[in-house]
Every structure is written in structure tokens, then in C-alpha cells.
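J.: Structure below; questions to follow.
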Amino acid sequence: MKKSYYQPEDLKKFSSIAEWNEILGSKFFDYYNTVFDEGSLSKREKLLIALAVSHVVQCPYCIDAYTKDNLQIGIPKEDMMEAVHVGAAIKAGAALVHGVQMMNRHDQLSM
């Protein structure tokens, strides 16, 4: 059986990236952890945003991690899926709005 490029066990190694550059790794993890602190947005809101963005950027490690984090704080699967749909709608809209560029270019070239 062929192994996938993405290995779930690699997510556990994420913190080890700081070993190869302690200064930047520490700064990243300080920033990352601070972002998820309670602020104007609740932890719940931040985790739903993170889950949606994980799908938009198509990071299997992030999808695994934020699905787990959402479950741990009791976010229902329906709320998680709604967040994924919000992310998908934004990504689809971003692709479609570029259709205006195609329409403009078409009109320029057709003159």
C-alpha cells in the first residue's frame, strides 16, 4: 500500500520546526498562540474561522487539527460544516469575480 504524501503523524512534529531556527520558530509560535487567545473574537469563533481557512488553503494537517480543536470545545458538526461552506463560498466567489477580467479582456480583444 502506497503511503500518502501527508502523514497524520507528521502533525505531531510541527513544534519541531523551531529546532532548525529557534528564534524564528519561537516568534512564530508566540504569535500563533497569541492569535488564538480570547480577544474581540471568542475562541469558538476563531476555531471556526481556522477550520474554514484550513479547507480554503487545503491543508490536511490544519483540517485534522482544527476539526479536533472544534470537537474538543463542543462545536457541533453542523456548525463546522457551515463554516466550511462559508470558506468555500468565498473561494468560489474569488474565482468567479476574476471572470470580470476575462470579460474585460474578451471585450478588448473582440473590438
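J.: Picking from L51, A18, L109, whose Cα lies most toward the positive end of the charge dipole for the chain (charges on Cβ: Lys, Arg +1; Asp, Glu -1)?
T.: Among L51, A18, L109, the one farthest towards the positive end of the dipole of the chain is L109.
J.: What dipole magnitude, in Debye to the nearest 20, does the chain give about its Cα centre under +1 on Lys/Arg Cβ and -1 on Asp/Glu Cβ?
T.: Charge dipole of the chain: 340 debye, to the nearest 20.
J.: Relative contact order, percent, of the chain when contacts are C-alpha pairs under 8 Å separated by at least 6 residues?
T.: So the answer I get is 22 percent.
J.: Quick one: what Rg and Dmax do you get for the chain from the alpha carbons, in Å?
T.: Expressed in Å, the Cα Rg and Dmax of the chain come to 18.9, 59.
J.: Dipole of the stretch 1-52, Cα-centred, from +1 at each Lys and Arg C-beta and -1 at each Asp and Glu C-beta, to the nearest 20 debye?
T.: 300 debye
No value in this document is a laboratory result; all are computed from the given coordinates. These figures come from a predicted structure and were not determined experimentally. FYI the Cβ positions are ideal-geometry reconstructions off the backbone, even for glycines, and counts take in every protein chain you see.
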